[in-house]
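**Student:** Mind having a look at this structure? Questions to follow.
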Amino acid sequence: MKLRKLVVAVAVAALGSLAVASMVRADDADGDGVRNSRDQCANSDLTSIVVIGSCDTGVPNVVDKRFKSKGGIPGCSIMDFVAICLATSTTDKQFEQCVKDVGEFFRDAGLIDGQQARKVFQCGQNLNAL
Ligand SMILES: [Ca+2]
């Protein structure tokens, strides 16, 4: 009888933590640490390193978690922006400029440093992606 009570108690505790875990997930569908209500990029690309084409920048693929009111585009990773650059650019030059802007945006946000921004820019150059 004691054991049964214990099993029930453990099961209830486990269900409780499962419920909490799924509530957290429900509020952050892509798991980028930014709530759905603030997230400007659904289904973020959260690969660990920024890779443009076959060019590995070695730069961490960070997510902008700042509030819009602070100049942020919350819930968007560098790779999300690279994908947007690819989708919106019609020439390689435009893509190059777009990727450069992305690097500078994250640098100005203090999320990557100047050397990392240059690596992102360099990988965006001469990619012949378009
Ligand atoms: Ca996101």
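**Student:** Select, from A83, A87, the only residue that is part of a helix (DSSP H, G or I), surrounded by 12 or more Cβ atoms within 10 Å (Cβ to Cβ), hydrophobic (A, V, I, L, M, F, W, C) and on the phi < 0 side of the Ramachandran plot. Quick ask: steps written out before the conclusion?
**Tutor:** Working: A87 fails: surrounded by 12 or more Cβ atoms within 10 Å (Cβ to Cβ).
Testing whether each residue is part of a helix (DSSP H, G or I), surrounded by 12 or more Cβ atoms within 10 Å (Cβ to Cβ), hydrophobic (A, V, I, L, M, F, W, C) and on the phi < 0 side of the Ramachandran plot leaves just A83.
**Student:** Using the structure shown, decide if I84 is within 19 Å of D28 (Cβ to Cβ) and either over 16 Å from the mean Cα position of the chain (by Cα) or within 16 Å of the ligand (Cβ to nearest atom) (or both).
**Tutor:** Answer is no for this residue.
**Student:** Just to be sure, is S44 polar (S, T, N, Q) and within 8 Å of the ligand (Cβ to nearest atom)? Break it down into steps so the answer makes sense when it comes.
**Tutor:** On the way: polar (S, T, N, Q): yes; within 8 Å of the ligand (Cβ to nearest atom): yes.
So S44 passes the test.
**Student:** Go through (1) within 30 Å of Q115 (Cβ to Cβ); (2) at pLDDT below 95; (3) within 14 Å of the ligand (Cβ to nearest atom) one by one and return the number of the condition D39 breaks.
**Tutor:** Failed condition: (2).
**Student:** Can you pull out the residues in segment 42-100 that are more than 11 Å from G124 (Cβ to Cβ) and hydroxyl-bearing (S, T, Y)?
**Tutor:** Within segment 42-100, S44, T47, S48, S54, S69, S77, T88, T90, T91 meet the criteria.
The values are calculated or read from the model by the stated rules, or taken from the named source; none is laboratory data. This one's a predicted model, so the numbers in the text were calculated from it and none came from an experiment. Here Cβ is always computed from backbone atoms with ideal geometry, including for glycine, and neighbour counts include all displayed protein chains.
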